[in-house]
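The values are calculated or read from the model by the stated rules, or taken from the named source; none is laboratory data. Since the model is a prediction, treat every value here as computed from it, not as a measurement. Every residue, glycine among them, receives a Cβ derived from its backbone with ideal geometry; neighbour counts consider all protein chains shown.
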Amino acid sequence: MQLDEKIEQGKVIEVISFNKAKIQVRRGKQCVGCSQRSLCYPFGSDYMIIEASNPLNARVGDNVEVLFEVVTRNQAIGILYLIPLVFFIIGSVAGNYLNPLHNKDLSGSLGGIFFLIISFLLIYFYNRGLVRKKPALQPRIIRIIPELDKNDKGAGEER
């Protein structure tokens, strides 16, 4: 599985534990095809809240850079569109064939919807389990961005 790396800047809004933090990140155009979007919590159209590992012990209010290692767009499309489509077709055919409601159209439709929901749940839990197994897939803070003093135009020091 080929991974791409993305670096985003955000602000720490909550420290969950000594090694995790919630970060407010501006929503970018790459969010649409991101394989890790189930790890973030959309909050309006301007920004999102993500949970990231915090090896640098960033504090609330710190501006940080966050590294995302994401699956390539083609793999994400395959997972998010093709798997649910296959499950929907299997559910529709099975519902139509088994006909538990004594109405082939209704049985096929409800079977397809039921299998579609199952496919999304499987993808969700698979993604969560994958992140737990491979911590490198967890977004992580890689740098605390120093705030510049209003009178100082030079680079500040990192802590």
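Among the residues making up segment 88-109, those that are farther than 24 Å from Ile123 by Cα, surrounded by fewer than 16 Cβ atoms within 10 Å (Cβ to Cβ) and not hydroxyl-bearing (Ser, Thr, Tyr) are Leu98, Asn99, Pro100, Leu101, His102, Asn103, Lys104, Asp105, Leu106. Of the residues screened, Val70 is one that is among the aliphatic types (A, V, I, L, M), modelled with pLDDT under 80 and buried (at least 18 other Cβ atoms within 10 Å of the Cβ).
Of all residues in segment 82-128, count the ones that are among the small types (Gly, Ala, Ser) and under 30 Å from Gln138 (Cα atoms).
To start, the set of residues in segment 82-128 that are among the small types (Gly, Ala, Ser) comprises 91-92, 94-95, 107-109, 111-112, 119.
Okay, now just the ones that are also under 30 Å from Gln138 (Cα atoms), so 119.
Residues flagged as among the small types (Gly, Ala, Ser) and under 30 Å from Gln138 (Cα atoms) within segment 82-128 amount to 1.
If you check Glu14 against the conditions, is it within 13 Å of the chain's Cα centre (by Cα) and either part of a helix (DSSP H, G or I) or modelled with pLDDT of 85 or more (or both)?
Numbers: within 13 Å of the chain's Cα centre (by Cα): no; either part of a helix (DSSP H, G or I) or modelled with pLDDT of 85 or more (or both): yes.
Answer is no for this residue.
Looking for something under 30 Å from Gly10 (Cβ atoms) and outside any loop (DSSP other than H, G, I, E, B) - is there at least one such residue anywhere in segment 95-116? Please lay out each step first, then the result.
Of all residues in segment 95-116, those under 30 Å from Gly10 (Cβ atoms) come to none.
No, every residue in segment 95-116 fails to be under 30 Å from Gly10 (Cβ atoms) and outside any loop (DSSP other than H, G, I, E, B).
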